[in-house]
Amino acid sequence: MKGDMYIISAPSGTGKTTIIRTLLKIVPGLFFSISYTTRAPRPKEINGKDYFFVSESEFKKLLDENALMEYAKVHDFYYGTAKEQVLPLIEKGFDVILDIDVQGALHVKQNYLEAIMIFILPPSGEELKKRLDRRKANSEKEKQVRLENAKNELKYWRFYDFLVVNQYLEQTINQIKSIIIAHRCRRTKKEEYFSSIVEPIISSF
């Protein structure tokens, strides 16, 4: 039984990182695909845990080796998902979260049709601006770039299977957890397992 691939996308400032970190703590059998990026680490980010921080030449070497499932240039930096971070875990039956932008998400979906796409929305434009303002690491110029990127990313919402509005963090986490649990209960996911339960019951009557 293979695991599922969950693509989670959201505009910068929507709370995606906090949501994913919490899901990884509360949902057994759920793993995170650590992306490669050419940007510098932010405060408290750890190489090999949050991202693999590499140079542009190292990133291009991964491309040349066909080691990436997808890649995109976002905010002037490259981001990419390595196949070795996802496919072996899925083959072993684990579920994997990919934290990627809309460009990468659509590329993965083209090649892996079974991927489940979740888009996290801010409750409003004003709230998104407030959340970006609370990020002291962002300059005014960076904030404007992120808002412009958010505007472009939000245009792709119809390509996603599920949409969740992050107005209340706990509610958002529970909704995404419910999506994951529901998919684990699909008939097609565990047909052999369900058959081993149902058939003996039927024959016992």
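What follows draws every value from the coordinates through simple rules; no lab data is involved. Bear in mind that the values here come from a model prediction, so they are computed numbers and not experimental data. Methodologically, a virtual Cβ is constructed for each residue, glycine included, from the backbone with ideal geometry; neighbour enumeration extends over all protein chains shown.
Odds and ends about this structure:
- The residues of the stretch 185-205 that are surrounded by 14 or more Cβ atoms within 10 Å (Cβ to Cβ) and in contact (Cβ under 8 Å) with a residue 12 or more places away in the chain, listed by number, are Lys189, Lys190.
- Some residue of the stretch 57-77 being among the β-branched types (Val, Ile, Thr), surrounded by 12 or more Cβ atoms within 10 Å (Cβ to Cβ) and over 27 Å from Leu163 (Cβ atoms): no
- Conditions (1) charged (D, E, K, R); (2) within 30 Å of Glu192 (Cα to Cα); (3) under 13 Å from the mean Cα position of the chain (by Cα); number of the one not met by Lys16: (2)
- Under the condition of being crowded, with 20+ Cβ neighbours inside 10 Å and among the β-branched types (Val, Ile, Thr), the residues counted in the stretch 21-36 number 0.
- Set Glu127, Glu148, Glu153: member being exposed (fewer than 13 other Cβ atoms within 10 Å of the Cβ) and either in contact with a Pro (Cβ under 8 Å, 6 or more places away or on another chain) or of a type outside the set (Ser, Thr, Tyr) (or both): Glu148
- Any hit, the stretch 48-65, residues being out of contact with any Phe, Trp or Tyr (no Cβ under 7 Å at 6 or more places or on another chain), closer than 24 Å to Ser139 by Cα, touching a residue at least 60 places away in the same chain (Cβ under 8 Å) and of a type outside the set (Val, Ile, Thr): no
- Within the stretch 151-205, the residues that satisfy the criterion of being farther than 30 Å from Gln103 by Cβ and β-branched (Val, Ile, Thr) are Ile197, Val198, Ile201, Ile202.
- The single condition among (1) under 18 Å from Thr37 (Cα atoms); (2) more than 18 Å from the chain's Cα centre (by Cα); (3) among the small types (Gly, Ala, Ser) that Ala82 does not satisfy is (2).
- For the stretch 102-123, filtering for residues that are part of a loop (DSSP other than H, G, I, E, B) and charged (D, E, K, R) leaves 1.
- Residues satisfying the stated conditions in the stretch 127-142, i.e. under 20 Å from Pro43 (Cα atoms) and under 22 Å from the mean Cα position of the chain (by Cα): Arg131, Leu132, Arg135
- Restricting the stretch 55-79 to residues that are farther than 28 Å from Ile116 by Cβ and not charged (D, E, K, R), the residue that is farthest from the chain's Cα centre (by Cα): Ser57
- A single entry from Gln175, Gln171 fulfils the requirement of being over 27 Å from Tyr71 (Cα atoms) and surrounded by 15 or more Cβ atoms within 10 Å (Cβ to Cβ): Gln175.
- Enumeration of residues in the stretch 107-137 that are more than 21 Å from Arg186 (Cβ to Cβ) and charged (D, E, K, R): Glu126, Glu127, Lys129, Lys130, Arg131, Asp133, Arg134, Arg135, Lys136
- Tally, over the stretch 161-204, of residues that are out of contact with any Phe, Trp or Tyr (no Cβ under 6 Å at 6 or more places or on another chain) and closer than 30 Å to Glu127 by Cβ: 21
- Residue identified as within 23 Å of Asn149 (Cα to Cα) and touching a residue at least 60 places away in the same chain (Cβ under 8 Å) among Ala105, Ala72: Ala105
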